[in-house]
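Here is the structure we will look at, set down as structure tokens.
The values are calculated or read from the model by the stated rules, or taken from the named source; none is laboratory data. In this text the structure is predicted, and so the values were computed from the model without any measurement. We place every Cβ from the backbone using ideal geometry, glycine too, and count neighbours over all the protein chains shown. These accessible areas exclude ligands, DNA and RNA; they are computed on the full protein's heavy atoms, side chains included. Shrake-Rupley method; radii C 1.70, N 1.55, O 1.52, S 1.80 Å.
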Amino acid sequence: MSKIILRKKILKIRKNKYFDIKIDDKFINNINNKISFSKIKIIGGYYPINFEFDCLQILKKFHLKGYFISLPIIKKKHLMDFYKWDPIDPLNISSLGIPQPLSKQKVYPDLIFVPMVAFDKHRNRIGYGGGFYDRYIDKISKIKNCITIGLAFSHQKVNKINTGTFDKKIDLILTEKLIEK
């Protein structure tokens, strides 16, 4: 199935099956059990849109534990960078309608929570088709080690995603039901 058709199909399912997840300490501990946080200082996230898995609660919990939080700012040519953000800071709406930080303090996250439209058992993902995260993951991998955690609902899992040369695998996928590594 082509990525375009798969994307449309999963987005429709996600909208119809969306639900909010309560992020508690058990949920956070599940992440802590799979990843060593000893070298992690900066966490990148995203502001959820279009019925995405809401990572704001996760970001707030990590912020309370003393981690620096960052969100992306979309640039020209399908590029983005992450900028420091405090959960009490106001946000600006981008030209794409996505809330983003007002901060101009660029950071390079040690861990990034990545939104997904669909994923498979091989940790392949598709997003909205702009390649923003694939480009950023490629860029940051040349600067430092960065762990990527894809966030999705379990009903977004598909049998196989046809990948291209520029598609980047995710290190870990987290749903409301399971962690896949």
Handout entry: Residue order for 91, 96 - accessible surface, 1.4 angstrom probe, largest first
Key = 96, 91
Practice task
Determine the dipole magnitude for the chain: charges of +1 sit on the beta-carbon of Lys and Arg, -1 on that of Asp and Glu, nothing else is charged, the reference point is the Cα centre, and the result goes in debye to the nearest 20.
Solution key: 540
Fill in the blank from the handout: For region 37-181, dividing by residue count, accessible area per residue (probe 1.4 Å) in Å² works out to 50
Practice task
With a Förster radius of 25 Å, plug the Cβ-Cβ distance of residue 34 and residue 155 into 1/(1 + (r/R0)^6) and report the FRET value to the nearest 0.05.
Solution key: 0.70
Fill in the blank from the handout: Mean-square fluctuation maximum in Gaussian network of the chain, Cα pairs under 10 Å, restricted to 77, 12, 168, hits 77
Problem - Net charge of Cβ neighbours under 13 Å - reference residue 106; Lys, Arg +1; Asp, Glu -1 - result: +3
Practice task
For n ≥ 4 DSSP H runs only, could you compute -39500 (n - 2.57) per run for the chain, divide by its residues and tell me the 222 nm figure to the nearest 500?
Solution key: -7500 deg cm²/dmol
Completion exercise
Taking protein heavy atoms only, a 1.4 Å probe, and rounding to whole percent, the accessible area of the chain owed to carbon and sulfur comes out at 53
Practice task
Determine the shape class of region 35-79: with a ≥ b ≥ c the square roots of the Cα gyration tensor eigenvalues, call it rounded for a/c under 1.5, and otherwise prolate if a/b is greater than b/c, oblate otherwise.
Solution key: oblate
Exercise for the section: Express in nm, to one decimal, how much length is gained between residue 177 and residue 74 on full extension, taking 0.36 nm for each residue of separation and deducting their alpha carbon distance. Expected result: 34.0 nm
Handout entry: Protein-only accessible surface order, largest first, of 7, 123, 135, 14 at 1.4 Å
Key = 135, 123, 7, 14
Handout entry: Among 94, 154, 36: highest mean-square fluctuation, GNM of the chain, C-alpha pairs under 10 Å
Key = 36
Practice task
Straight distance only, please: which lysines reach the Cα of residue 17 with their own Cα at less than 23 Å, same-chain residues fewer than 8 apart left out?
Solution key: 3, 8, 9, 121, 157, 160, 177
Completion exercise
Comparing 162, 33, 124 in a Gaussian network model of the chain (Cα, 10 Å), the one with the largest mean-square fluctuation is 33
